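K.L.:
Attaching a single structure in structure tokens format; questions to follow.
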Amino acid sequence: MKKIPVIAVVGPTASGKTSLSIEIAKHFLGQVVSADSMQIYEKMNIATAKPTDDEMQGIPHHLIGFQPIDKKFSVAEYVTLAKECIEKIHNQGGLPIVAGGTGLYVDSLIQNIQFSKEDSNTELRNELTKMFDEKGAEFMLELLREIDPETAEKLHLNDKSRIIRALEIFKATGKTMTEQKILSREEESPFDVLYIGINYRDRNVLYDRINRRVDIMVENGLLDEAKDFYNTSRDTTACQAIGYKELAPYFNGEKSLEDCLESLKIETRHYAKRQLTWFRKNENINWVYPDDYENADEMYKSVFEIIDKFLKEVH
């Protein structure tokens, strides 16, 4: 069966993925499928930098703002839904553009990872969660490192749910997450993919963009959005999004707003570093750097040429 051509636009937060994916969609009659693990949730508009109707410029966007904030959502569910979107866009004659910074979502989708059909063990997960809360993140990550160093290397101390999930898989199946991923790749991907990565030669330019984005979020009402989540949804996974948890000490009266916003900027910069570490392992990414070009239009033209060549080859 002929594979579906897909463009994957990846890169760190605030790099310009949204704008680039929309320009690609306009030029090649495409539609955007989001690959952002926080933009899936309802209401979380400002903190997750969801594109507004104006920013979308009439381009259809999929898998944004559809998931209730109190419901759990897995990578396996994302892959199922994203595949359906891609097939639908392709069948309508459009070019599917997967755009986002959640590397696990992008890789699981594009590499056609097959997820275990076993039901998750709630009792085991509760036991591991309790242990995590009592012993702490460093202890649990070290535990994972002993059995599955490759997965542990990819996870950050803040990734509580993924650390617990990796330990749960091993305890439930006797296989590590790394082993399961190798087995899960045995089915060939239905996609021909072209990766476009966006980054900056000068890291300070990216950090300035991140800092400016936080300031704009505040102007657009981030505090009201975060306070509403803090008051109603503080125990949900969604509330752990960057932009909410950093403001909690302000709402508690423990820190000044200025200190919390500085923490938010620092954490967002750290997140961008982690994203870059993830994506740099993918040797198939065609990196473009806006600071190499006189203006955005020149960069878009360069990207369009790469895509044109790719589409001619796969057709």
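The values are calculated or read from the model by the stated rules, or taken from the named source; none is laboratory data. For clarity, every value in this text was computed on a predicted model and none was experimentally measured. We place every Cβ from the backbone using ideal geometry, glycine too, and count neighbours over all the protein chains shown.
K.L.:
Can you find, within segment 155-179, the residue that is nearest to L128 (Cα to Cα) among those that are buried (at least 20 other Cβ atoms within 10 Å of the Cβ) and aliphatic (A, V, I, L, M)?
P.N.:
For segment 155-179, the residue satisfying everything is I164.
K.L.:
Could you pull out the residue among T48, T13 that is modelled with pLDDT of 95 or more and in a loop (DSSP other than H, G, I, E, B)? Walk me through it before giving the result.
P.N.:
Working: T48 fails: modelled with pLDDT of 95 or more.
Matching residue, one of T48, T13: T13.
K.L.:
Identify the residue in segment 266-314 that is more than 20 Å from G103 (Cα to Cα) and either crowded, with 17+ Cβ neighbours inside 10 Å or among the aromatic types (F, W, Y) (or both) and, among all such residues, is farthest from the chain's Cα centre (by Cα). Steps first, answer last, please.
P.N.:
Going residue by residue through segment 266-314, those that are more than 20 Å from G103 (Cα to Cα) are 266, 290-314.
Next cut, either crowded, with 17+ Cβ neighbours inside 10 Å or among the aromatic types (F, W, Y) (or both) only: 290, 293, 299-300, 303-304, 307, 310.
Values: P290: 21, Y293: 26, M299: 23, Y300: 23, V303: 22, F304: 24, I307: 22, F310: 24 Å.
Only one residue fits best here, namely Y293.
K.L.:
Sort through R269, R274 and tell me the only one that's at pLDDT below 95, of a type in the set (D, E, K, R) and within 30 Å of R165 (Cα to Cα).
P.N.:
On the way: R269 fails: at pLDDT below 95.
One residue alone meets the criteria, R274.
K.L.:
Within segment 32-45, take every residue that is out of contact with any Lys or Arg (no Cβ under 8 Å at 6 or more places or on another chain) and part of a loop (DSSP other than H, G, I, E, B) and give me the one that is surrounded by the fewest Cβ atoms within 10 Å (Cβ to Cβ).
P.N.:
So the first thing to find is which residues in segment 32-45 are out of contact with any Lys or Arg (no Cβ under 8 Å at 6 or more places or on another chain), and the list is 32-38, 40-43, 45.
Add one more test, that the residue is part of a loop (DSSP other than H, G, I, E, B), and what stays is 35-38, 40, 42-43, 45.
On the way: A35: 27, D36: 22, S37: 20, M38: 22, I40: 25, E42: 14, K43: 17, N45: 19.
By that ranking, first place goes to E42.
K.L.:
Pull up segment 134-154, narrow it to residues that are in contact with a Ser or Thr (Cβ under 7 Å, 6 or more places away or on another chain) and surrounded by fewer than 17 Cβ atoms within 10 Å (Cβ to Cβ), then point me to the one that is farthest from N121 (Cα to Cα).
P.N.:
As a first pass, look at segment 134-154 and keep what is in contact with a Ser or Thr (Cβ under 7 Å, 6 or more places away or on another chain): 144, 147-148, 150-151.
Restricting the remaining residues to those that are surrounded by fewer than 17 Cβ atoms within 10 Å (Cβ to Cβ) gives 147, 150.
Numbers: I147: 19, E150: 23 Å.
Selected residue: E150.
K.L.:
Sticking with this structure for a sec: Among the residues of segment 51-83, write down those that are aliphatic (A, V, I, L, M), assigned to a loop (DSSP other than H, G, I, E, B) and closer than 22 Å to L95 by Cβ. Don't jump to the end; show me each part of the working.
P.N.:
Initially, segment 51-83 is screened for residues aliphatic (A, V, I, L, M), giving 56, 59, 63-64, 69, 75-76, 79, 81-82.
Remaining after also requiring assigned to a loop (DSSP other than H, G, I, E, B): 59, 63-64, 69.
Residues satisfying the conditions are I59, L63, I64.
K.L.:
Now for a different question. Between a residue in segment 158-181 that is in the same structural domain as K135 (by TED's automatic domain parsing) and acidic (D, E) and any residue that is crowded, with 18+ Cβ neighbours inside 10 Å and assigned to a helix (DSSP H, G or I), which pairs come within a Cβ distance under 8 Å, given they are 6 or more apart or on different chains?
P.N.:
Once the first residue is in the same structural domain as K135 (by TED's automatic domain parsing) and acidic (D, E) and sits in segment 158-181, its partners that are crowded, with 18+ Cβ neighbours inside 10 Å and assigned to a helix (DSSP H, G or I) give E168/L128.
K.L.:
Looking at this structure, is K130 among the basic types (K, R), over 23 Å from N282 (Cβ atoms) and either in contact with a helix residue (DSSP H, G or I) (Cβ under 9 Å, 6 or more places away or on another chain) or assigned to a loop (DSSP other than H, G, I, E, B) (or both)?
P.N.:
Details: among the basic types (K, R): yes; over 23 Å from N282 (Cβ atoms): yes; either in contact with a helix residue (DSSP H, G or I) (Cβ under 9 Å, 6 or more places away or on another chain) or assigned to a loop (DSSP other than H, G, I, E, B) (or both): no.
Considered against the rule, which asks whether it is among the basic types (K, R), over 23 Å from N282 (Cβ atoms) and either in contact with a helix residue (DSSP H, G or I) (Cβ under 9 Å, 6 or more places away or on another chain) or assigned to a loop (DSSP other than H, G, I, E, B) (or both), K130 comes out as no.
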